[in-house]
Amino acid sequence: MNKMFKEDYYRMTGTEYKFGIKSLIQWFVSHQIRYVYWLRKAQDKPSVLKKFILKKYSKKYGLEISINAEIGRGLYLGHPYNITVGGGVRFGDNVNLHRENRGKREGVPSIGDNVAVGINATVIGNIHIGNDVMIAPNSFVNFDVPDHSIVIGNPGVIHHKDDATKGYVSFCVE
C-alpha cells in the first residue's frame, strides 16, 4: 500500500490503515477513500486502467483532481462532492478540501430571487443573500447581503444598486 495513501487514510478516518475488516468497511462506506486511493495510484504509476477507474469515480462524485496536481501527504476530503483541482496545482502536507463551511458560520446559504453569481465566486456559510443581487466573478461572500446589491471582491464589498441584475437574469414565463 502506498505510504501517501496510508497518511491520507489516517487523516480521513482517524485510524491507521491495516488490511482487515475495518479498513474494508471504510473502503465501501467512504467514496473519498476509494477516490484518493485511485488518485494516488494514478499519480504514482499512471496506466490506462488506473486513469479509467479514477475518471469513473470523478464523474460519479464530482471530484476532479488532476493526476498532475502535486499533493503532499495527508490529503483530507471533507464532504467530498464537487471539488475541482487543476493540473499544476501544488498543495503541501495535511491539506483539507471541503465543499461546505464549518465553524462560526457552519451551514449553507439561503439565496433569494433574481440572483446572479459570477464564475469562481464563493458563497459559503449560513448566510442570506437577498433578492436582486449580483455577486461578481471571483468574489468571496461569507456574510449576509441585502436586497438590490452588488458584491465585488475578496473580501466582498457590498454596493447598493437598484436593478442590480438587470441584463443578467431572465425571468420565467408564467
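The values are calculated or read from the model by the stated rules, or taken from the named source; none is laboratory data. The structure displayed is predicted, hence computed values, not measured ones. Glycine gets a Cβ as well: all are built from the backbone with ideal geometry, and neighbour counts include every protein chain shown. Ligands, DNA and RNA are excluded from the accessible area calculation, which covers all protein heavy atoms including side chains. Shrake-Rupley method; radii C 1.70, N 1.55, O 1.52, S 1.80 Å.
Looking at this model, which pairs from 18/51; 18/59; 3/60; 6/50; 6/41 are more than 21 angstrom apart at the alpha-carbon?
Where the Cα-Cα span goes over 21 Å, the pairs concerned are 18/51; 18/59; 3/60.
Given the Cα-Cα distance of residue 31 and residue 122 and 0.36 nm per residue of separation, how much length would full extension add, in nm?
Extra length available between residue 31 and residue 122 comes to 30.3 nm.
As I understand it, the dipole of the chain uses +1 on the Cβ of Lys and Arg and -1 on the Cβ of Asp and Glu, about the Cα centre. Which of 20, 66, 96 lies farthest toward its positive end?
Comparing the listed Cα positions along the dipole, 20 ranks first.
What number does the range 1-119 give for Rg over Rh if you use C-alpha atoms and the Kirkwood radius?
For the range 1-119, the value is 1.01.
How much of the accessible area of the chain, probe 1.4 Å, is carbon plus sulfur, in whole percent?
52
Rounded to whole Hz and in sequence order, give me ³J(HN,Hα) for the range 16-27 from the Karplus expression 6.51 cos²θ - 1.76 cosθ + 1.60, θ = phi - 60°, writing x for Gly and Pro.
Ordered by residue, 3J(HN,Hα) equals 6, 6, 9, 4, x, 4, 4, 5, 5, 5, 4, 4 Hz.
Would you mind working out the magnitude of the charge dipole of the range 57-151 relative to its Cα centre, with +1 at each Lys and Arg C-beta and -1 at each Asp and Glu C-beta, to the nearest 20 Debye?
Computed about the Cα centre, the dipole is about 440 debye.
With +1 on the Cβ of every Lys and Arg and -1 on the Cβ of every Asp and Glu, and nothing else charged, how large is the dipole of the chain about its Cα centre, in debye rounded to the nearest 20?
My answer is approximately 1460 debye.
So, for the range 1-133, what is the accessible surface per residue at a probe of 1.4 Å, expressed in square angstrom?
Heavy-atom accessible area per residue stands at 60 Å².
Per residue of the chain, what 222 nm ellipticity follows from adding -39500 (n - 2.57) for every DSSP H run with n ≥ 4, rounded to the nearest 500?
Value at 222 nm, helices only: -8500 deg cm²/dmol.
Give the calculated FRET efficiency between residue 104 and residue 18 to the nearest 0.05, with a Förster radius of 41 Å applied to their Cβ-Cβ distance.
With a Förster radius of 41 Å, E is 0.65.
Taking every DSSP beta bridge with both residues inside the chain, roughly what % is antiparallel (nearest 5)?
20
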